[in-house]
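Notes follow the structure.
Computed from the coordinates by the stated procedures, all read-outs in this text should not be read as laboratory data. Since the model is a prediction, treat every value here as computed from it, not as a measurement. So basically every Cβ, Gly included, is an ideal-geometry build from the backbone, and we count neighbours across all protein chains shown.
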Amino acid sequence: MAGLEGTEQPRRGAVTAAVRWAPAVDDELALKALELYGDPTLGEVRLPSCPESTVAARRLTHWAVVSHWGLSAQLAEHAVLLVSELVGNAVRHTGARHFGLRAVRRRGWVRMEVRDPSRGLPCLLPVRGTDTNGRGLFLVDRLSDRWGVDLLARGKTVWFEMRVADR
């Protein structure tokens, strides 16, 4: 995948889960996530701040990009990866009980937002080939067209935007 040169590859003998989109099963799981949490394209949805919520956020993101907006699988793949990184940061570093996810589509852009109650700012660190963590914002910086943080009265929203071709 472009932009991931030099990243650590799975070790020999390591078990890796398939991450390809299997339409019948994954569409059903995305619909269950929509039922449980709501539609992130209509407004912010609230998810519990636990590692398992990353799966739901990924499904909701893929559903929004491919099924709802009809955009490319490649764009969805990048958006899913970047949302995973932002959600991972919110879960790992904020100590919050919940976080918010919102997906916004406007002419020429897709914007994904993750809101949490912490006002601690994320930090883009230099990444070396031997680093085993700290790559999340590096990926966001490389794969999105722009990203940032909006400080709120209570917390912050970390977001990224990706350009899309309008039909």
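With the cut-off at 1.5 for a/c, could you classify the range 31-149 from its C-alpha gyration tensor as rounded, prolate or oblate?
Oblate shape, in that a/c is at least 1.5 and b/c is the bigger or equal ratio.
Rounded, prolate or oblate: which one fits the range 79-167, using the alpha carbon gyration tensor with axes a ≥ b ≥ c (rounded when a/c is under 1.5, else prolate when a/b beats b/c, else oblate)?
Oblate, since a/c reaches 1.5 and b/c is not below a/b.
If you put +1 on each Lys and Arg Cβ and -1 on each Asp and Glu Cβ, how big is the dipole of the range 64-143 around its Cα centre, in Debye rounded to 20?
For this selection, approximately 280 debye.
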